[in-house]
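Working notes, structure below.
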Amino acid sequence: MNLGVLGGTFDPFHVGHVEMALGVLRALNLDAVHLVPCRLPPHKERPRLTPGADRLAMIALAVQDHPALIPDSTELMRPAPSFTIDTLKDLAARRPAARLFFIMGMDSFREISLWKEHQALVQGFHLVVVNRPGSPRPGENEIPEVARGRLVEASQALDTQEGRVHMLEIPPQDVSSTTIRRLAREGASLEGLVPTAVESYIHRCNLYCRGDDSG
Ligand code: ATP
């Protein structure tokens with residue numbers, strides 16, 4: 001079984017997240033993609049994070065028509081901060097027969113050297129990196145050291161050897177949670193940026209109304 005894992009703050013989960021999960025699911029012919037909101041991100045500093053229960057509820061609403069996309073509360077149940085390597089080890093222990101493909105956007109990939117045990121992460125699992133507007137693919141000399149010599153184009157036949165970094169082009173989605181929080185705070189429409197059910201949830205629960213979002 002081939003399982004994708006997409007981790008993030010997901011504050012909120014948006015169409016960029018939906019499209020990257022579906023894009024990787026289809027391109028790599030995975031069996032499912034787990035969507036794992038973090039309890040507290042190690043690399044982001046925001047004074048206030050929307051409660052995990054709300055972020056998880058928005059994920060569930062966003063993927064209700066896609067049964068292969070699975071909201072996963074693994075990190076919400078662990079003490080903070082949330083480190084991806086711990087999550088992958090957890091999942092690997094629970095699903096010993098599964099190959100795990102960790103999915104990230106190009107912006108995250110460019111910073112992977114800052115991640116805890118990034119060598120173990122890259123060497124012991126499968127990484128999938130998707131394009132993101134505003135974050136160009138690194139040139140030959142900018143590729144994070146840990147990924148050098150490991151890049152494969154995901155458009156070609158799936159390379160199932162561990163330690164590969166699959167580069168996948170998906171239709172670009174120019175959207176970020178930061179933009180959505182700002183628009184919500186301004187009372188602007190979120191149409192096309194989050195699924196309709198997520199927009200209703202944001203309004204119903206008065207999320208992102210305060211002016212204390214520094215990131
Ligand atoms: P914020 O604006 O709060 O920083 P974000 O939109 O970057 O949030 P995250 O929850 O931090 O969302 O992202 C989780 C993962 O999804 C990261 O690996 C990120 O690179 C990736 N990602 C988020 N949005 C996109 C997008 N529009 N296209 C491609 N990848 C994306």
Using unit Cβ charges (K, R positive; D, E negative) and no other charged atoms, how large, in debye to the nearest 20, is the dipole of the chain about its Cα centre?
-> 420 debye
Whose amide H sits under 5 Å from the amide H of ALA32, counting only residues 5 or more places off or on another chain, with H placed in the peptide plane?
-> GLY4
The stretch 2-170 accessible area per residue, 1.4 Å probe, protein heavy atoms, integer Å², reads 46 Å²
Taking a ≥ b ≥ c as the square roots of the eigenvalues of the Cα gyration tensor, with a/c under 1.5 meaning rounded and otherwise prolate when a/b exceeds b/c and oblate if not, the stretch 16-118 is rounded
Pick from GLU199, GLU75, GLU117: which residue has the top mean-square fluctuation in a GNM of the chain where Cα pairs under 10 Å get a spring?
-> GLU117
Would you pull out the residues with amide H under 5 Å of VAL194's amide H, same chain only if 5 or more places away, H placed 1.01 Å from N?
-> VAL15
Within a Gaussian network of the chain (alpha carbon springs, distance under 10 Å), most fluctuating of MET167, MET77, MET58 | MET77
Can you send over the solvent-accessible area of ASP54, 1.4 Å probe, protein chains only, in Å² to the nearest 10?
-> 30 Å²
Treat every Asp and Glu Cβ in the stretch 67-188 as -1 and every Lys and Arg Cβ as +1, leave all other atoms uncharged, and give the resulting dipole magnitude about the Cα centre to the nearest 20 debye.
-> 280 debye
Between GLN161 and ARG26, how many nm apart are label points set 7 Å from Cα along the C-beta direction?
-> 3.0 nm
Leaving out ligands, DNA and RNA, what percent of the accessible area of the stretch 2-170 is carbon and sulfur, probe 1.4 Å?
-> 48 percent
Report, by chain and number, residues whose modeled amide H sits under 5 Å from the one on VAL152, excluding near sequence neighbours (fewer than 5 apart, same chain).
-> VAL165, HIS166, MET167
Taking the Cα centre of each part, how many Å lie between the stretch 88-130 and the stretch 1-74?
-> 15 Å
Dipole axis of the chain (+1 Lys, Arg; -1 Asp, Glu on Cβ), positive-most option in THR84, LEU25, ILE103 | THR84
Where Rh is the Kirkwood radius over Cα pairs, Rg/Rh for the chain = 0.95
Given springs between every Cα pair under 10 Å in a Gaussian network model of the chain, which of ARG182, ARG204, ARG55 has the largest fluctuation?
-> ARG204
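The values are calculated or read from the model by the stated rules, or taken from the named source; none is laboratory data. Model, not experiment: these values are computed from the prediction. Because the Cβ atoms are built from the backbone with ideal geometry, glycine has one as well, and the counts that use them run over all protein chains shown. Just the protein is used for accessible areas: all its heavy atoms, side chains included, with ligands, DNA and RNA removed. Shrake-Rupley method; radii C 1.70, N 1.55, O 1.52, S 1.80 Å.
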